[in-house]
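Chemist: Mind looking over this structure? Questions follow.
The values are calculated or read from the model by the stated rules, or taken from the named source; none is laboratory data. Predicted model only: the values in this text are computed from it and were never measured. Methodologically, a virtual Cβ is constructed for each residue, glycine included, from the backbone with ideal geometry; neighbour enumeration extends over all protein chains shown.
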Amino acid sequence: MLGRAAPGVCQVVAVANQQQNRNMATLKAISIRLKSVKNIQKITQSMKMVSAAKYTRAERDLKAARPYGEGAVQFYERAEVAAPEDDPKQLYIAMTSDRGLCGAVHTGVSKVIRTRLQEPGAENIKVICVGDKSRGILQRLYGKHIISVCNEIGRLPPTFNDACKIAGAILTSDYEFGSGKIVYNKFRSVVSYQQSDLPLFSQKAVESAPKLATYDSLDADVIQSYMEFSLASMLFYALKEGACSEQSSRMTAMDNASKNAGEMIDKLTLTFNRTRQAVITRELIEIISGAAALD
Amino acid sequence: MAFRGVLRNVARRLQVRSYASDVAKGDDMALTFAAGNKVFYDKVVVKQVDVPSLSGAFGILPKHVPTLAVLRPGVVTVIENDGKTSKIFVSSGTVTVNDDSSVQVLAEEAHPLENLDRGAAQESLSKAQSEFNSAANEKAKAEAAIAVEVAEEILKAASG
């Protein structure tokens with residue numbers, strides 16, 4: 001009993017000892033922390049500047065890509081192509097990137113797909129992850145739905161070549177889907193984006209579209225080439241929209257982070273000065289009371 | 001003031017009339033011509049578009065029957081409403097004519113004819129030809145054949 005109590009006492013003493021020289025240590029600790037927060041602020045500020053520059057470029061590119069994407073989807077809307085009911089196989093493409101620190105752009109896209117995968121009929125859905133971030137989010141719970149992952153997205157502005165490579169990977173994946181969706185972030189303004197989707201269809205779905213008969217001089221070859229190219233154009237458009245949303249969102253996120261760091265710096269400076277003052281006061285009291293004791 | 005108002009009215013009426021004397025509003029041909037690198041026309045009403053397709057070159061006028069086509073390398077000619085023609089070289093892509101008479105020309109890459117350089121085209125043609133001759137497998141051969149075709153067309157467009 002006594003033996004067991006003894007170490008406890010020792011501990012208390014140790015704590016008391018620690019507390020005794022704590023004032024000096026906190027001063028040091030606070031200044032270290034202050035410095036690190038200042039460094040973090042510098043980093044977030046420069047990240048904001050970088051993403052602001054990248055954002056301007058992305059927005060300019062997006063302006064050029066918008067008519068392109070709209071043009072690619074027009075045919076499917078005009079011809080009233082619908083997903084075939086007898087083919088439940090679906091393909092979802094998550095358009096994200098490799099880079100984080102940009103708010104909820106990647107989570108938003110992944111969430112749309114995750115919600116879909118929780119609904120009944122999910123066993124017929126396969127997912128292609130574009131960008132490491134969506135893979136990171138979806139892999140653990142829905143790993144068996146993922147058929148392929150593209151990475152190295154987001155470091156450089158997306159090009160048509162990137163879109164072609166992704167389209168090639170989809171076409172050679174041997175997954176015969178009836179319909180599908182490209183889930184991406186649609187850029188609306190600097191502070192706002194929205195998850196949105198573009199339709200994907202199989203050749204069979206297009207061939208059985210009700211209004212396809214109005215289109216002249218079509219054969220299977222033309223439709224196939226047309227669809228392959230329009231897949232690449234839609235992916236290109238989605239990549240551009242995604243890149244623009246990501247940069248604008250990163251800009252906002254880094255701006256907020258810098259502001260928060262500023263607040264933290266203010267508070268820490270205050271605590272630091274108070275503690276410093278307290279230490280000085282205490283030392284003075286010690287000297288004065290020491291001198292008084294001598295009298 | 002009143003005079004100006006009358007003038008404006010007349011101007012408006014004239015404008016309306018010019019629309020009416022052209023084609024009826026719903027049958028205007030709205031052209032969207034975009035490439036990966038640039039947008040040339042975004043829903044602009046034009047008179048005529050000539051495109052080179054895999055099944056042969058064809059011209060599109062307003063009220064063209066809806067169709068789909070795949071572009072082959074060549075020159076797309078757009079005749080605008082004021083009679084101005086612009087010639088743009090495209091490498092590949094698609095043409096869609098919809099039932100509302102809107103036309104989408106989507107190219108992988110497109111450049112105005114005046115930006116093409118004959119010397120560079122010649123160079124890339126000879127490079128593509130040597131690649132074609134030294135291609136090891138079927139896939140490389142097909143890719144080189146496409147490169148040769150594009151280079152030949154650029155050369156033809158740039159010199160013609």
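Chemist: I'd like to know if the range A:251-273 contains one or more residues that are part of a helix (DSSP H, G or I) and either of a type in the set (Phe, Trp, Tyr) or within 12 Å of chain B (Cβ to nearest Cβ) (or both).
Modeler: yes
Chemist: Taking the conditions exactly as written (farther than 22 Å from residue A:147 by Cα, surrounded by fewer than 20 Cβ atoms within 10 Å (Cβ to Cβ) and either touching a residue at least 40 places away in the same chain (Cβ under 8 Å) or among the basic types (Lys, Arg) (or both)), does residue A:50 satisfy them or not?
Modeler: no
Chemist: What number of residues within the range A:211-233 satisfy the criterion of being of a type in the set (Val, Ile, Thr) and closer than 17 Å to residue B:55 by Cα?
Modeler: Qualifying residue count, the range A:211-233: 2.
Chemist: Given the options A:55, A:68, A:76, name the one that is more than 14 Å from chain B (Cβ to nearest Cβ), aromatic (Phe, Trp, Tyr) and either surrounded by 14 or more Cβ atoms within 10 Å (Cβ to Cβ) or under 17 Å from residue A:153 (Cβ atoms) (or both).
Modeler: Exactly one of A:55, A:68, A:76 is more than 14 Å from chain B (Cβ to nearest Cβ), aromatic (Phe, Trp, Tyr) and either surrounded by 14 or more Cβ atoms within 10 Å (Cβ to Cβ) or under 17 Å from residue A:153 (Cβ atoms) (or both), namely A:55.
Chemist: Right, another one. In the range B:62-74, what residues are away from every other protein chain (no Cβ under 14 Å) and either under 17 Å from residue A:223 (Cα atoms) or over 11 Å from the mean Cα position of the chain (by Cα) (or both)?
Modeler: B:62
Chemist: Oh, and also: Return only the number of the condition from (1) under 19 Å from residue A:236 (Cα atoms); (2) β-branched (Val, Ile, Thr); (3) without any contact (Cβ under 8 Å) to a residue 40 or more places away in the chain that residue A:182 does not satisfy.
Modeler: If we test residue A:182 against (1) under 19 Å from residue A:236 (Cα atoms); (2) β-branched (Val, Ile, Thr); (3) without any contact (Cβ under 8 Å) to a residue 40 or more places away in the chain, just (3) comes out false.
Chemist: Collect the residues in the range B:61-77 that are of a type outside the set (S, T, N, Q) and more than 27 Å from residue B:148 (Cβ to Cβ), keeping them in residue-number order.
Modeler: Those that are of a type outside the set (S, T, N, Q) and more than 27 Å from residue B:148 (Cβ to Cβ): B:61, B:62, B:63, B:64, B:65, B:66.
Chemist: What residue, of A:286, A:241, is among the acidic types (Asp, Glu) and in contact with a helix residue (DSSP H, G or I) (Cβ under 7 Å, 6 or more places away or on another chain)?
Modeler: None of the other options fit; the residue is A:241.
Chemist: Looking at A:146, A:113, A:137, A:93, can you tell me which residue is touching a helix residue (DSSP H, G or I) at 6+ places or on another chain (Cβ under 6 Å) and modelled with pLDDT of 90 or more?
Modeler: A:137
Chemist: Could you grab the pairs with beta carbons closer than 7 Å, sequence gap of 6+ or different chains, first residue in the range A:200-228 and without any contact (Cβ under 8 Å) to a residue 60 or more places away in the chain, second one in a helix (DSSP H, G or I) and among the β-branched types (Val, Ile, Thr)?
Modeler: What qualifies is A:203/A:223; A:207/A:223; A:223/A:206; A:227/A:206.
Chemist: Of all residues in the range A:126-146, count the ones that are in contact (Cβ under 8 Å) with a residue 24 or more places away in the chain and either out of contact with any Asp or Glu (no Cβ under 9 Å at 6 or more places or on another chain) or under 30 Å from residue A:56 (Cα atoms) (or both).
Modeler: Total meeting the criteria: 13.
Chemist: Give me the strands (runs of 3 or more DSSP E) completely within the range A:132-246, filtered to those with at least 2 residues that are surrounded by 23 or more Cβ atoms within 10 Å (Cβ to Cβ), more than 14 Å from chain B (Cβ to nearest Cβ) and of a type outside the set (A, V, I, L, M), ordered by residue number.
Modeler: Qualifying strands (runs of 3 or more DSSP E): A:179-189.
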